[in-house]
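What follows is one structure encoded as structure tokens, with my remarks underneath.
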Amino acid sequence: MTSVEFNDKLTGLNRILHSFAYNLTKNSEDAKDLYQETTYRALHNRDKFQQGTNFKAWIFTIMKNIFINNYRKRMKSNTMLDNTDNQYYINSADHATGNRAEGTIMLKEINVHISALDDSIRIPFLMHFDGFKYQEIADELNLPLGTVKSRIFFARKELKDKILSTYGFEPN
């Protein structure tokens, strides 16, 4: 096959190769890179193409192999090798314990704000927080359903305003 015939066949597969590259990479820039690498390798290895074989399959195989090799390189680069004598360090991150002090402090502050709420809105709010449904709260407290929903709403709003003002923000 002459160079002109080879180039014409390769150019004829341009759109199909771009589509296949995008299907492999799911990214247009990576697909362009994969297409470019494929055409480069096909042109570079033109002499290895055997006349009478399927040209399209040969090109697609080149593209697929480049994609697989690049994928394996990426996965291998994400692998961490540890050459320490003591194997304790390999899994030490799995047993790391975070510092929960900040969350505990915030929870205590929120509990202080909740306890400062008026009982008429605090009790329905806490019941809802504990998982009771609106109707269950209404039945338990002998209140209309709309009143329970309003009180929970007002409790949330008041808590939000108190927390915002605690941290120096203007409440709405």
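The values are calculated or read from the model by the stated rules, or taken from the named source; none is laboratory data. Bear in mind that the values here come from a model prediction, so they are computed numbers and not experimental data. For neighbour counting, all protein chains shown are included, and Cβ atoms are generated from backbone atoms with ideal geometry for every residue, glycine included.
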Helices (runs of 4 or more DSSP H) lying entirely in the stretch 1-49 (those with 2 or more residues that are of a type in the set (Lys, Arg) and closer than 16 Å to Ile66 by Cα): 28-44
Enumeration of residues in the stretch 122-165 that are polar (S, T, N, Q) and surrounded by 13 or more Cβ atoms within 10 Å (Cβ to Cβ): Thr147, Ser150
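Would you point out the residue of the stretch 118-152, among those that are among the hydrophobic types (A, V, I, L, M, F, W, C) and closer than 20 Å to Leu107 by Cα, that is nearest to the chain's Cα centre (by Cα)?
Taking the stretch 118-152 first, the residues among the hydrophobic types (A, V, I, L, M, F, W, C) are 121, 123, 125-127, 129, 132, 137-138, 141, 143, 145, 148, 152.
Retained after the next criterion (residues that are closer than 20 Å to Leu107 by Cα): 121, 123, 125-127, 129, 152.
Working: Ile121: 39, Ile123: 39, Phe125: 34, Leu126: 34, Met127: 35, Phe129: 29, Ile152: 34 Å.
So, considering only residues that are among the hydrophobic types (A, V, I, L, M, F, W, C) and closer than 20 Å to Leu107 by Cα, the one nearest to the chain's Cα centre (by Cα) is Phe129.
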Residues of the stretch 127-139 that turn out to be assigned to a helix (DSSP H, G or I) and either farther than 20 Å from Ser115 by Cβ or not assigned by TED's automatic domain parsing to the domain that holds Ile114 (or both), as a count: 5
Residue satisfying condition, being modelled with pLDDT under 90 and assigned to a helix (DSSP H, G or I), within set Lys162, Lys157, Lys149: Lys162
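Being touching a residue at least 40 places away in the same chain (Cβ under 8 Å) and part of a loop (DSSP other than H, G, I, E, B) is the filter here; which residues of the stretch 95-126 pass it?
Step one: of the stretch 95-126, the residues touching a residue at least 40 places away in the same chain (Cβ under 8 Å) are 109-110, 113-114, 116-117.
Matches in the stretch 95-126: Ala116, Leu117.
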Subset tally (residues that are closer than 19 Å to Ile163 by Cα and in contact with a Ser or Thr (Cβ under 8 Å, 6 or more places away or on another chain)) for the stretch 114-146: 1
